[in-house]
Each structure stands twice: as structure tokens, then as C-alpha cells.
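The values are calculated or read from the model by the stated rules, or taken from the named source; none is laboratory data. Values in this document were obtained by computation on a predicted structure and should not be read as measured data. Cβ placement follows ideal geometry from the backbone for every residue including glycine, while neighbour counts extend to all protein chains displayed.
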Amino acid sequence: MTEPLKVWFLASEVAPFAKTGGLADVAGSLPPCLKSLGVDIKVGLPFYRTVKDGSFEIKKSFEGLEVPLGDTILRGDILETSTEEGVPVYLFDMEDFFGRSGLYGTPKGDYPDNLERFSYFCRAALLFAKETGLSFDVVHCHDWQTGLIPAYLRTLFKADPFFSDVASVMTVHNLGYQGLFPADKLSVCGLPATEFHLEGIEFWGKISLLKAGIVYADAITTVSPTYSQEIQRPEFGLGMEGIFKKRSADIYGILNGADYHTWDPVADRHINAHYSLGNVKDKGQCKAALVNELGLDQRFADRPLLAMVSRLAAQKGCDLLVEIARDIVELDAGLVVLGAGEDKYERFLIGLGKKYPECMAIRIGFDESLAHRIMAGADMLLIPSRYEPCGLTQIYALKYGTVPIVRATGGLDDTIKRFDPVSGRGTGFKFVEYEAEAFLDQIKEAVRLFEEGTNWMKLVENGMRSDFSWKRSAQEYLYVYDKVRKTG
């Protein structure tokens, strides 16, 4: 009988244990799906305060693991819990590093010792596996926080028999976060000084933990097919396009799946009325309730209601939204914004909300429950991103019968098909050029279609029929695992 594939799945955040963004959603949803396909998978992440304060059943797994860090030896414990689906989850405890309110920093900026924190996590994850005999065929790493692991396997642990047959896969969720640190802190990582060069972990005179993962991993994946091509071009590569181009034969673009257990209007506990493809009319109850909750004029229960649920940052196209916000008012459309981010966008939107309280509702911060009610109550979701590795909100929007208006980049381009009124095919609206006028044109087209009514319901139903569940994506990860295991 063939032994099941063994995977050590390591990430800096995993839902529902610790989350700041989409990485946690992927790390929380993919392992259970892989388990259902027969993979022997185990997950590891730091034991943050948020995990400690959560209502998870946790037990001690290993005490006093000795982990070298620079010229010192740290001793930490490893605890164990599991997902609802029974995937084992190991939590790496080091109170001085992870017993803080934030995962990566405070509102004022990143923690100054992030190199120490995640160097510890990477090395501890490998040493724990060896100490406990937790053997695996593939270690799957995610973003810069785990980028040292492929480098360790190729250097510090290269001659260790325990790791001789281990292959590594590195997933780049967002190239905008590169894990950059001063070169004089190389000793913290524990890597030989000989690895600090152009073909190694050096990036413009600094250490890049993301580059370490990209250079040393056996395979690289991105979170959408289009993004895997975009990062090999100067306009999206952020200085690393040459590195990706050199490794193009080892790059795989695998679209993120959606967590339909959490995001489904049939059973969503956050929304005012449940509805489905066969009962879309009840979405109107969600819209009416949202209009009341946010204090908008009652006419927006029938007029187009646009929404943006996002980080308020340049990457997310907030400058385009700011430029056309008053044009949306002139279309007699409502606008709801939920998010937090750059101060200049927050201040502008707050001011706009005060000026047009009857048609604009601006909520600064993040409210998970409200995000669900907005998704169910809005008619259109705006995602004008400058770049978007994958994006999940547009996928959730489709399920909720909320029509996405997106820029054709990364995963947005892969998931949304432009609606054709003649054929009746398509799921949303797209624009290519990163320009406010192009964005506004698509909003106007969507509003016209909404007002005409004839094709709007067809468009809504097309989206609700879309299926972006994890099973297909998980099969693609299995292919990558199998390929590196055979050749690694």
C-alpha cells in the first residue's frame, strides 16, 4: 500500500487561530481540503497572544525545544490543537516574540525584531520535526515569514539525513511584502555569510526573506495564474522580476479557493435573510436592512448600491475611488465603504460621508459581521486594484449575487468574466487601464444595466452559479507536491 503524501504546512497566520488577511484564509482552508484528498498534513504557526486568548482546546506537545538564534540558544515549547476537520495544528511558543497584541507590528509600524521572531519560527519548525520524528515529504511555506525554511534545507540542514528527501514549495501571496532587513543582521538568520550575494538572499544590499524562499525552494506558486505571469514583468515584479524570470519553469499559478462554509448566503449567520440561486428575491431584504442600518436614504433600497470592503491603500485602487466618488453621487447611486488603511484615504472618505450622509456610508475599521451584511446587501462590489495577486472578495461577491466591478489584473482578471448583454454570458465588469475614467465608465455601464433590469438578474445568477471551491485548487497543489517529490 502506498504511503500517503506527508506535508508540513507552515504559515505566519492561519484562520481561525490568527488572521490579518487573505493568507490566513488560505492557510485555514487549504489544509482540510488536502486532508480530504488523502494527504497527511500538519500545520504550524506561532503561538500568538490572539491564539492564547482564543477559545481553542490546546495541549502541550513538546517542552524546551532548543533553537539557535544568532549567538544564543532559545528554549521554547510547542503546543498542539486541531482544526474542526481534524488537521493537527502545532503552535510555537516564545512569549518574548509572540505574546504581543499584533502579529507583525503596531499601527506605528512593524516590530523591529521581526527578523528574530520569524527566524526563530522557521528554525524551530524544522528542529521540532526532527526531534519528534515528524517526517514529511514536502514543506509548504508561505510569504516572507517562512522564506528562510527552503534556505535552511539547502544550507544548514543539507547534510542531515532526516531532511535528505524533503522538498520545499514556496507560495507568494503578495510580492509587496518582501521581508527586508539590514545586511548586518545576517548572523540572526544563522545562514552562512556565503549566501549573502546576488544569487542568494541579498536584495539591493539588504537581506530579503522572501527572496530566500524564491531562490532556494524547489517550486514556487502564486495565488492566481495571471499573477504568476505579472510578477515576471517590471511593472509588477517590484525589482524581483529577474529572479522570477530565471525560475519561470518552476513557477505555478494556482487560484485561491473560497471558503464557502463561511461565505454562503444560504446559511450566513451575519445576514438578515437567507437566499440562494433559486430564491434571489430575498437578497432585497438584506439590501433594505443594510440601508436602514447605515442610515442611508430609503430610495437606495431600490437604487444601485455600490460597496467597497478593503484595505484603504494605494494598492487597492483607493486613489481611483477618491477621484470618482462625487461622480457616483451624480449617478444617484449609494456608496458603502468598510475598511482602514492610509490616513489620507480615511480622512477624505470620512469627509465625503459627512457631506453626503444620505447616499454615502463610510465605516473606518474592520467589522467581520458588517462585511457579510454589506456583501449580501450591496448590488455591486468595487475592486479597482492597482495589482491583486488573487483577491477573495470578488469570489465571495459572486456567491452573494453582488456584481464585481474590477480592474483586469491578477486574480481579478482570472475570476471575473466581462458580461456580454448579447450572449448573456459573464459575471461582472472589468477595465484594463489604471485610470479613473475607465473605472467610472464600468460603473456607469453597470448602473445602466441595473436600471434597465432585463439582463441584471441574468448577470446576478451567472455569478451565483460560479464555483471557486478549494477542491480544484487543492488538486493543483497535489500536482506540484508530487512533481517536486519525484524530482526533488
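What the table shows:
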{"read-out": "Residue satisfying all of: in the stretch 334-359; touching a residue at least 24 places away in the same chain (Cβ under 8 Å) and charged (D, E, K, R); surrounded by the fewest Cβ atoms within 10 Å (Cβ to Cβ) among these", "value": "Glu358"}
{"read-out": "Residue in the stretch 220-233 that is of a type in the set (A, V, I, L, M) and either closer than 24 Å to Ile78 by Cα or surrounded by fewer than 23 Cβ atoms within 10 Å (Cβ to Cβ) (or both) present", "value": "no"}
{"read-out": "Given (1) farther than 30 Å from Leu478 by Cβ; (2) in contact (Cβ under 8 Å) with a residue 40 or more places away in the chain; (3) not small (Gly, Ala, Ser), number of the condition Asp302 does not satisfy", "value": "(2)"}
{"read-out": "Selection from the stretch 356-384 of residues that are over 18 Å from the mean Cα position of the chain (by Cα), under 27 Å from Lys281 (Cβ atoms) and either in a loop (DSSP other than H, G, I, E, B) or of a type in the set (Phe, Trp, Tyr) (or both)", "value": "Glu358, Cys359, Ala378, Asp379"}
{"read-out": "Filtered residues of the stretch 301-320 (kept if crowded, with 22+ Cβ neighbours inside 10 Å and among the polar types (S, T, N, Q))", "value": "Ser310"}
{"read-out": "Qualifying positions in the stretch 314-352 - small (Gly, Ala, Ser) and either assigned to a helix (DSSP H, G or I) or closer than 24 Å to Ser369 by Cβ (or both)", "value": "Ala314, Ala325, Gly334, Gly339, Ala340, Gly341, Gly351"}
{"read-out": "Condition check for Glu323: in contact with a Lys or Arg (Cβ under 9 Å, 6 or more places away or on another chain) and either surrounded by 23 or more Cβ atoms within 10 Å (Cβ to Cβ) or more than 21 Å from Gly463 (Cβ to Cβ) (or both)", "value": "no"}
{"read-out": "Residue in the stretch 39-46 that is touching a residue at least 60 places away in the same chain (Cβ under 8 Å), farther than 20 Å from Ala129 by Cα and not polar (S, T, N, Q) present", "value": "no"}
{"read-out": "Per-region count, the stretch 100-127, residues part of a loop (DSSP other than H, G, I, E, B), of a type outside the set (D, E, K, R) and out of contact with any Phe, Trp or Tyr (no Cβ under 8 Å at 6 or more places or on another chain)", "value": "3"}
{"read-out": "Boolean, Val406 is β-branched (Val, Ile, Thr), more than 19 Å from Tyr260 (Cβ to Cβ) and either in contact with a Lys or Arg (Cβ under 6 Å, 6 or more places away or on another chain) or without any contact (Cβ under 8 Å) to a residue 60 or more places away in the chain (or both)", "value": "yes"}
{"read-out": "Index of the failed condition, Pro68 passing every other in (1) surrounded by 23 or more Cβ atoms within 10 Å (Cβ to Cβ); (2) more than 15 Å from Gln145 (Cα to Cα)", "value": "(1)"}
{"read-out": "Qualifying positions in the stretch 47-89 - of a type in the set (A, V, I, L, M, F, W, C) and either assigned to a helix (DSSP H, G or I) or under 17 Å from Ala125 (Cα atoms) (or both)", "value": "Phe47, Val51, Phe62, Leu65, Val67, Leu69, Ile73, Leu74, Ile78, Leu79, Val87, Val89"}
{"read-out": "Filtered residues of the stretch 469-487 (kept if at pLDDT 95 or above and hydrophobic (A, V, I, L, M, F, W, C))", "value": "Ala474, Leu478, Val480, Val484"}
{"read-out": "Close pairs (6 angstrom Cβ cut-off, 6 or more residues apart or separate chains): in contact (Cβ under 8 Å) with a residue 40 or more places away in the chain in the stretch 455-482, in a helix (DSSP H, G or I) and surrounded by fewer than 16 Cβ atoms within 10 Å (Cβ to Cβ) anywhere", "value": "Met464/Leu277"}
{"read-out": "Qualifying residue in the stretch 462-485 (condition: farther than 27 Å from Tyr252 by Cβ, of a type in the set (Phe, Trp, Tyr) and part of a helix (DSSP H, G or I))", "value": "no"}
